[in-house]
Every structure is written in C-alpha cells, then in structure tokens.
Amino acid sequence: MIPILIFSLILAATLYWVLEPLVLPHRTELRAHADPRADLQARVEILLQELRDLDLEHEAGKMDDTTYAQVRKSLRAELAQLLSELEGSS
C-alpha cells in the first residue's frame, strides 16, 4: 500500500511540474502586457526604500563610512537613471 502511495505522490508531482507551464501562463508573459511606466515607478519606490534602509543601517553603526558612501552613490546613480527614464516616457 505504501509503495503505491509513494508512486502516486511522485507521479502527481511530476505531472504538475511538467504540465504547469502549459496550463498556467508564465509571469514573463503577464509582465509583457504590464505598463512599463508602472514598472519604472515600482523600481523607483524600491530604490527609495533601499536608500532609507541603508541610511538606517549606517546610523545604527552596522556599516562603515566607506561602504556606505559607495553603496549610496550606486543606489543614487541607479535612481537617477530610472527617474530620467520615467521623465522620458511621459
């Protein structure tokens, strides 16, 4: 009885793994129809949150000044790029 149960579970998992891409749409397909401007805005919000988190970690003493300056500069450069893309897409 147990071998049949194990075989059934393995078969069900295998069928799900094989058939799932055919039955459910891929996330990339869903994103293809999404609003690019909304994606940019979401990425901007994420970067702003990362900057806030970075500031908090630095203030708490969890990060040295050099690393903080490098990471902050990188995040701000990426943010500036996204904002210019947003400005260009309007």
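In what sequence, highest mean first, do 36-45, 7-16 appear when ranked by Cβ atoms within 10 angstrom?
Going from most to least packed, we get 36-45, 7-16.
Send over the Kirkwood Rh of segment 34-90, from the inverse of the averaged 1/r over different Cα pairs, rounded to one decimal Å.
12.2
Any idea how far apart Val71 and Ala38 come out in nm if each label point goes 7 Å out from Cα toward Cβ?
Those two pseudo-labels are separated by 3.1 nm.
Any read-out appearing in this document is the output of simple, stated calculations on the displayed coordinates, not a laboratory observation. Note that the structure is a prediction, hence the values are computed from the model and not measured. Reconstructed Cβ throughout: ideal geometry from the backbone, glycine too, with neighbour counts over all protein chains shown.
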